[in-house]
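Report on one structure; see the data block that follows.
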Amino acid sequence: MTETATVDKQAPSADQPIKIPPALGAPKVVQGLAFASFRRLMLTKAYQRNGRVIELNLPFFGRTVLVSDPGLIRTVFMASTDDLTNVKPNLSRLFGPGSVFALDRGEHRARRKLLAPPFNGQSIKNYEKVIEEETLRESANWPQGKEFRTLEPMNRITLNVILRTVFGADGVELDYLREIVPPFAKLGSRLATLPEPPLRPKRFGPWARMDEFRRNFDRTVFTLIDKAEADPRFDDRTDILALMMRSRYEDGSAMSRQDIADELLTLVGAGHETTASTLGWAFERLRRHPDIMAKLVEEVDADGSELRQATILEIQRARTVIDFAGRNVAAPSFQLGEWNLPKGHNIVISLADLHQNPELFPDPKRFDPYRFVGNRPPAFAWVPFGGGTRRCLGAAFANTEMDVVLRTILRHFVIETDDARDEKLHFRGIAYTPKDGGRVVMHRRT
Ligand code: HEM
């Protein structure tokens, strides 16, 4: 089913002809359907047959080279955003042209610099209290001794955390956002994988609902900006909105209101379901590993965190929720090992497949947090947050959030363990979640 496509199209640089990796021979539509519905299986098989670099032709993304080779992944992540821009299309279709997902080259570098303060160590430390409060609030009425899905409670915790840390104190606007964001997140996950119609219907259908959400979201953000500007304590505020409003580009200018709205939606959209899905997997994994669970409880009681941190790393390796990071060749061509890809090609890095490579992670099917105890995760091999200049902006935020949620639950609950069958993967449009929702039985600790 494969054909080697070494095409000598026009040479983009004087000495290097275009050279494209082996391509899957199936029709575009079939490749697209397989990629959308059983991508992980399809890619594992394709890599086994053709090596760790293959070309697909996908309806939505066009000609796309998929890479699962550690050395080549390093090349992609180390490339400048002048040569490799963000994959096209990307999530800025949902978040707007002012989102960091939409920016490339100098604009991307400037925005990342501007967004750094809310995500530095001190700012994240300030959010710990909010994370603990939201975990306690959500868990107050959890059923005792009865199996339940953890995925939805985790989604509520991470949504409330991101809304409170982004917008600051509670208020009517925040309550309103709590109401409108979950349906948007659900709709957004579905639309993320669908092509946008050339003419967007104004009154009916999912894109019209998305546009309506956007109008409501923007109106609320603009009200919150007005309130922040009038707030006498504005300079002391530590929420992300205030930090963004105070930040300045190198030329002294501030972000526009519309860019702030697009970026806040980006943080809310990118920042809660991913973290909740990983936490759902945490419960799914720990339920099936009594020895690790017992050690984690012992550790939390002694105020330790080393094994818990290692467990979070291992959950992200073993159950990677975002399975690829993408780039687009913006340079006349891009040399990727022996291949030379033409301008316009997308490059997709198979994060989840890399995490299952036995040369990087011996016995990869085994869930073993101890592989990270005393060892930092290997750069360019452990990549659940992607890498390089576009590495996840919220990685440290997500890590703290997962740590504080797990710590709080381990302190207050006993989680029953057993030998239940592993939950399968379920693709929700953006993230992979445990199919049965990360079901567990808990009891409050006395
Ligand atoms: C466990 C949770 C999370 C996972 C697994 C995750 C994963 C990812 C991945 C794979 C990327 C693409 C990186 C690349 O292209 O190299 C990304 C980008 C991004 N993430 Fe996360 N993420 C998580 C949590 C968060 C949180 C909490 C936030 C915000 C508060 C956030 C904000 C972003 C943003 C803004 C980008 C775009 C960065 C850019 O293009 O420069 N993420 N994330």
**Report entry** Candidates 348, 300, 321 - the one that is assigned to a helix (DSSP H, G or I) and either in contact with a Pro (Cβ under 9 Å, 6 or more places away or on another chain) or among the hydrophobic types (A, V, I, L, M, F, W, C) (or both)
**Finding:** 300
Query raised in the report: Scanning for something of a type in the set (Asp, Glu), within 15 Å of the ligand (Cβ to nearest atom) and surrounded by fewer than 22 Cβ atoms within 10 Å (Cβ to Cβ), does the stretch 246-264 turn up at least one residue?
Result: yes
Query raised in the report: Hey, residue 293 hits all of (1) of a type outside the set (D, E, K, R); (2) within 23 Å of residue 158 (Cβ to Cβ); (3) not in a helix (DSSP H, G or I) but one; which does it fall short on?
Result: (3)
Query raised in the report: Which of the following residues is farther than 30 Å from residue 369 by Cα and at pLDDT below 95: 209, 257?
Result: 209
Report task. Scan the strands (runs of 3 or more DSSP E) fully inside the stretch 11-117 and keep the ones with 3 or more residues being in contact with a Leu (Cβ under 8 Å, 6 or more places away or on another chain) and within 16 Å of the ligand (Cβ to nearest atom). Result -> 62-67
Report summary line: Those strands (runs of 3 or more DSSP E) completely within the stretch 366-446 that have 1 or more residues that are in contact with a Leu (Cβ under 9 Å, 6 or more places away or on another chain), among the polar types (S, T, N, Q) and within 13 Å of the ligand (Cβ to nearest atom) are 432-434
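Table: residues versus (1) under 21 Å from residue 258 (Cα atoms); (2) more than 21 Å from the chain's Cα centre (by Cα); (3) surrounded by 14 or more Cβ atoms within 10 Å (Cβ to Cβ).
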{"position": "151", "(1), (2), (3)": "no, no, yes"}
{"position": "176", "(1), (2), (3)": "yes, yes, yes"}
{"position": "183", "(1), (2), (3)": "no, no, no"}
{"position": "204", "(1), (2), (3)": "no, yes, no"}
{"position": "210", "(1), (2), (3)": "yes, no, yes"}
{"position": "219", "(1), (2), (3)": "yes, yes, no"}
{"position": "222", "(1), (2), (3)": "yes, yes, yes"}
{"position": "231", "(1), (2), (3)": "yes, yes, yes"}
Query raised in the report: For residues in the stretch 121-142 being of a type outside the set (Lys, Arg) and free of Cβ contacts under 8 Å to residues at least 24 places away in the same chain, which is farthest from residue 165 (Cα to Cα)?
Result: 141
**Report entry** Options 294, 270, 276: the member that is surrounded by fewer than 21 Cβ atoms within 10 Å (Cβ to Cβ), of a type in the set (Gly, Ala, Ser) and more than 20 Å from residue 172 (Cβ to Cβ)
**Finding:** 294
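Scan the stretch 324-338 for residues that are part of a strand (DSSP E or B) and aliphatic (A, V, I, L, M) and report the count.
3
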Report task. Among the candidates 313, 351, 286, 341, single out the residue that is crowded, with 22+ Cβ neighbours inside 10 Å and within 16 Å of the ligand (Cβ to nearest atom). Result -> 351
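So that you can scan it fast, the table gives a plain yes or no per residue for (1) modelled with pLDDT under 85; (2) surrounded by 15 or more Cβ atoms within 10 Å (Cβ to Cβ):
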| position | (1), (2) |
| --- | --- |
| 4 | yes, no |
| 10 | yes, no |
| 27 | no, no |
| 37 | yes, no |
| 40 | no, yes |
Report task. Spot the failing condition for residue 194; the list is (1) closer than 30 Å to residue 446 by Cβ; (2) within 22 Å of the chain's Cα centre (by Cα), and only one is missed. Result -> (1)
Query - Selection status of residue 171, over 28 Å from residue 428 (Cα atoms) and surrounded by fewer than 18 Cβ atoms within 10 Å (Cβ to Cβ) - result: yes
Report task. Return a yes/no flag: does the stretch 261-279 have any residue that is at pLDDT 95 or above and farther than 30 Å from residue 88 by Cβ. Result -> yes
**Report entry** From 172, 161, residue being without any contact (Cβ under 8 Å) to a residue 60 or more places away in the chain and of a type in the set (A, V, I, L, M)
**Finding:** 172
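The values are calculated or read from the model by the stated rules, or taken from the named source; none is laboratory data. Nothing here was measured: the structure is a model prediction, and the numbers come from that model. Neighbour counts are summed over all protein chains in view; Cβ atoms, including those assigned to glycine, are modelled from backbone coordinates with ideal geometry.
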